[in-house]
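All of the numbers you see were taken from the coordinates with simple rules; none came from a lab. Computed from a predicted model, the values in this text were never measured in an experiment. Cβ sites come from the backbone with ideal geometry, for glycine too, and all protein chains shown count toward neighbours.
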Amino acid sequence: MYSKDQASQLKQTFWTTFGHYIAPQLSTEGLKVNWINYKTGLKHVFFKMQADSKAAFIAIEITHADPGIQELVFEQFREFKKLLEGQLGEEWDWNLHIHDEYGKVITRISKTLPGVSIFKKEDWPALISFFKPRIIALDEFWTDAQYSFEVFK
């Protein structure tokens, strides 16, 4: 087991490594992007990548405090489900009003990679291979779909 500081350092090292690996990748529009802290331009909509000792996931998270607004944004994403999953090349899990790791009610559209650990360096290639094409596909999707979400700005 790792101490809290060691675990934090190892996570930071992974995300730094991933950041360096994906940094040369330009956005769909040909711009430099901070892939780890991807900006959607919508205050309560995030593209999130997370890994722990058991699994990894990548997600679109809708975190507005009002569950009704979350549902409206979620329904707007549903309108684009075929486009999104076409860009991704796979189906994702669609979860309206779930609890995040802090107990906050959020809405999440996600894909999980089970059986990997951010604490095992031998799993890092699998994690990078999981995250990279999906965050790039999310960027491609968002380039096409973002204007339909302007009402939520």
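Look at the dipole of region 1-100 built from charges on Cβ: of Leu88, Leu26, Pro67, the Cα furthest out on the positive end belongs to Leu26.
Computed about the Cα centre, the dipole magnitude for region 46-152 is approximately 360 debye when only Lys and Arg (+1) and Asp and Glu (-1) carry charge, each at its Cβ.
For region 46-152, the relative contact order is 34 percent, taking Cα pairs closer than 8 Å that sit 6 or more residues apart in sequence and dividing their mean separation by the residue count. Seen against the Cα atoms of the chain and their longest principal axis, helix 124-145 is set at about 20 degrees.
For the chain, the longest principal axis of the Cα atoms and the long axis of helix 4-22 meet at an angle of about 60 degrees.
Among the listed pairs Lys11/Lys32; Lys54/Lys153; Lys81/Lys104; Lys54/Lys82, a Cα-Cα separation exceeding 28 Å is found for Lys54/Lys153; Lys54/Lys82. Under the simplified labelling scheme, the Lys121-Lys81 pair shows an inter-label distance of 4.3 nm, with each label point 7 Å from Cα along Cα→Cβ.
Given a 10 angstrom Cα cut-off, can you work out which residue in Tyr102, Tyr38, Tyr21 is the most mobile in a GNM of the chain? Checking each option, the largest mean-square fluctuation is seen for Tyr102. Within a Cβ distance under 14 Å of Leu83, other residues only, what is the Lys/Arg minus Asp/Glu net charge? Charge balance near Leu83 sits at -4.
Could you give the length gained by full extension between Ser53 and Gln6, i.e. 0.36 nm per residue of separation minus their alpha carbon distance, to one decimal place?
Extending this stretch completely gives an extra 15.6 nm.
Would you mind counting up the charge near Trp92? Only other residues with Cβ under 10 Å from its Cβ, with Lys and Arg at +1 and Asp and Glu at -1. Walk me through the numbers on the way to the answer.
On the way: positive: Lys81, Arg108, Lys111, Arg134; negative: Glu85, Glu90, Glu91, Asp93.
Every neighbour counted, the sum reads 0.
The overall shape of region 1-85 is oblate: from the C-alpha gyration tensor, with semi-axes ordered a ≥ b ≥ c, the ratio a/c is 1.5 or greater and a/b is no larger than b/c.
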